[in-house]
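Engineer: Structure provided below as structure tokens; questions to follow.
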Amino acid sequence: MKLTHASCLRGTITVPGDKSVSHRSVMFGALANGLTEVTHFLSGADCLSTISCFRQMGIDIEQNGTHVLIHGKGLHGLTSPSGTLDAGNSGTTVRLLSGILAGQNFSSTITGDESIQKRPMKRIMTPLQQMGASIHSLKENGCAPLAIQGQSLHAIHYQSPVASAQVKSCILLAGMYGDGITQVTEPAISRDHSERMLCYFGARISSEGLTASIEPEPCLSGRSIQVPGDISSAAYFIAAALIVPDSEVLLKNVGINPTRDGMLRVCRAMGADITVVSENTEGPEPCADLLIRSSTLHGTVIEGDIIPTLIDELPVLAVLAAYAEGTTIIRDAAELKVKESDRIAVVTENLNLMGADVTPTDDGMIIRGGAPLHGAPIACHLDHRIAMSFAVAALGAESDTDILDADCVRISYPTFFDDLNSLIQ
Ligand code: S3P
């Protein structure tokens, strides 16, 4: 995919549905009694992997683009899958589903693509084993494929060493099959979509400070879910409109859950002109229209408790920082190394290839912004967020940029390049 310098971005975009919320709508809908109707579902490859896993376990799911009907069979309605469950590239599918599988009365194996088979799974195996689950890594390397022998589980109070919604959600889901109240305490608050949606489905679940608690054997009832636009997808247009001069972009119906909105807070601290046009707080997930105008940006420090609220946006924030005046420091973000690619290494390598001045650190990077960037061949390492971040970088660069494996955007945003092109005047 070749991208060139843009002189102005204008228009309105409705970004696809939130990936985290879409996954959960299928999982919790399958475990609920009765029909769950989902609108604005993300029909990207990751969420389609979740649908296919649940179909393999006997759940009837009708998918017509962004409209999905899930015929839930209740907490104990899943059936033994015929073969290995394939999560594709999706960490959310493997980790959340493992929590559910641990409490079933059948055994299963779950795996995924080359990237998923390198991602750390001990972080879920350890707490699940503490709950009495039988789960092990078939290659004994702490990664998928994971073999799970479902059985009855014990409630635990887990002190998680990482702020990870995938770990937290995995334990809470296993906790539904436990023998008492299961609790998870995190070092910092991670996205709370599971807590909000499980509560909406009727689970007895609560949060106090850094601790989430769930009661066992909830009776979940099928619901209607309107998935908000994914702020992680909106992030690319926010950054693009800020960088390209004379731009004005309206993003419709974006999820602004406070456990996900760190990007907006950081952009504002960098001097960004972002207006929340209309806010809707009626459903379980707050959303709003966002109006973005090009801005003169300056460097900032991104660290501490805000990191989990913008973890997926750090690659594009690094691009933004390269176009800002002064230095931006990202720290406390070692998790970047275990995402779909090592995002510290890949972001640093690609930004430096475009002429930026970026130094990688153990838990982040230091970006000395303001130097003009030029085009370069960008290797995405099959990481969708790298492809989209560098498409944004290309719009402000002086010569053409070639995104080499751009097709990986299908993971979370199949129509990304069409939407981006629609804004270029
Ligand atoms: C997600 C949680 C985050 C995020 C991922 C989606 C989720 O991962 O990076 O893209 O849906 O729960 P971690 O839980 O590993 O931080």
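The values are calculated or read from the model by the stated rules, or taken from the named source; none is laboratory data. Computed from a predicted structure; not experimentally measured. Here the Cβ is made from the backbone with ideal geometry for all residues, glycine too, and neighbour counts use every protein chain on show.
Engineer: Identify all residues within segment 53-73 that are touching a strand residue (DSSP E or B) at 6+ places or on another chain (Cβ under 7 Å), surrounded by 15 or more Cβ atoms within 10 Å (Cβ to Cβ) and closer than 18 Å to V38 by Cβ; write none if there are none.
Structural biologist: C53, F54, R55, I59, I61, T66, V68, L69, I70, H71, G72
Engineer: Next up: List the residue pairs whose Cβ atoms are under 6 Å apart, where the first residue sits in segment 166-177 and is in contact (Cβ under 8 Å) with a residue 60 or more places away in the chain and more than 12 Å from the ligand (Cβ to nearest atom), the second is of a type in the set (G, A, S) and not in a helix (DSSP H, G or I), and the two are 6 or more positions apart or on different chains.
Structural biologist: Every condition considered, the pairs that remain are A174/A102; A174/G103; Y177/G103.
Engineer: Taking the criterion of being among the aliphatic types (A, V, I, L, M), under 19 Å from L317 (Cα atoms) and at pLDDT 95 or above, would at least one residue in segment 213-232 satisfy it?
Structural biologist: For segment 213-232, residues among the aliphatic types (A, V, I, L, M), under 19 Å from L317 (Cα atoms) and at pLDDT 95 or above: present.
Engineer: Does any residue of segment 272-287 turn out to be closer than 21 Å to S389 by Cα, part of a strand (DSSP E or B) and among the charged types (D, E, K, R)?
Structural biologist: Within segment 272-287 (the criterion being closer than 21 Å to S389 by Cα, part of a strand (DSSP E or B) and among the charged types (D, E, K, R)), the answer is yes, since at least one residue qualifies.
Engineer: While we're on this one: So which of L69, L75, L97 ends up being touching a Ser or Thr at 6+ places or on another chain (Cβ under 9 Å) and either farther than 21 Å from I411 by Cβ or not hydrophobic (A, V, I, L, M, F, W, C) (or both)?
Structural biologist: The unique qualifying residue is L69.
Engineer: Would you tally the residues in segment 24-39 being surrounded by fewer than 24 Cβ atoms within 10 Å (Cβ to Cβ) and within 21 Å of the chain's Cα centre (by Cα)?
Structural biologist: Number satisfying all stated conditions: 1.
Engineer: Would you say L42 is within 16 Å of the ligand (Cβ to nearest atom) and either basic (K, R) or not in a strand (DSSP E or B) (or both)?
Structural biologist: Criteria met by L42.
Engineer: Another one. Anything in segment 140-152 that is part of a loop (DSSP other than H, G, I, E, B) and surrounded by 23 or more Cβ atoms within 10 Å (Cβ to Cβ)? List them, or say none.
Structural biologist: Passing the criteria: only A144.
Engineer: Which residue is nearest to D18 (Cα to Cα), if the candidates are limited to segment 269-305 and must be out of contact with any Ser or Thr (no Cβ under 9 Å at 6 or more places or on another chain) and buried (at least 21 other Cβ atoms within 10 Å of the Cβ)?
Structural biologist: Filtering first and then ranking leaves E285.
Engineer: Regarding segment 182-204, can at least one residue be identified that is surrounded by 22 or more Cβ atoms within 10 Å (Cβ to Cβ) and aromatic (F, W, Y)?
Structural biologist: Yes.
Engineer: What number goes with the only condition from (1) among the hydrophobic types (A, V, I, L, M, F, W, C); (2) on the phi < 0 side of the Ramachandran plot; (3) modelled with pLDDT under 95 that L382 does not pass?
Structural biologist: The failed condition is (2).
Engineer: From the set of residues in segment 232-261 that are closer than 23 Å to G370 by Cβ and within 15 Å of the chain's Cα centre (by Cα), which is surrounded by the fewest Cβ atoms within 10 Å (Cβ to Cβ)?
Structural biologist: Y236
Engineer: For the list (1) closer than 15 Å to L128 by Cα; (2) assigned to a helix (DSSP H, G or I), I need the number of the one condition that S194 fails.
Structural biologist: (1)
Engineer: So G103 ticks every box in (1) in contact with a Lys or Arg (Cβ under 8 Å, 6 or more places away or on another chain); (2) of a type outside the set (V, I, T); (3) assigned to a loop (DSSP other than H, G, I, E, B); (4) more than 16 Å from the ligand (Cβ to nearest atom) but one. Which box is left unticked?
Structural biologist: That leaves (1) as the condition not met.
Engineer: Kindly indicate whether any position in segment 122-139 is more than 16 Å from the ligand (Cβ to nearest atom) and under 26 Å from S412 (Cα atoms).
Structural biologist: no
Engineer: Condition (residue is within 16 Å of the ligand (Cβ to nearest atom), at pLDDT 95 or above, small (G, A, S) and within 23 Å of L75 (Cβ to Cβ)) applied to segment 181-200: is it met by at least one residue?
Structural biologist: yes
Engineer: Can you find, within segment 153-165, the residue that is farthest from the ligand (Cβ to nearest atom) among those that are assigned to a loop (DSSP other than H, G, I, E, B) and surrounded by 14 or more Cβ atoms within 10 Å (Cβ to Cβ)?
Structural biologist: H154
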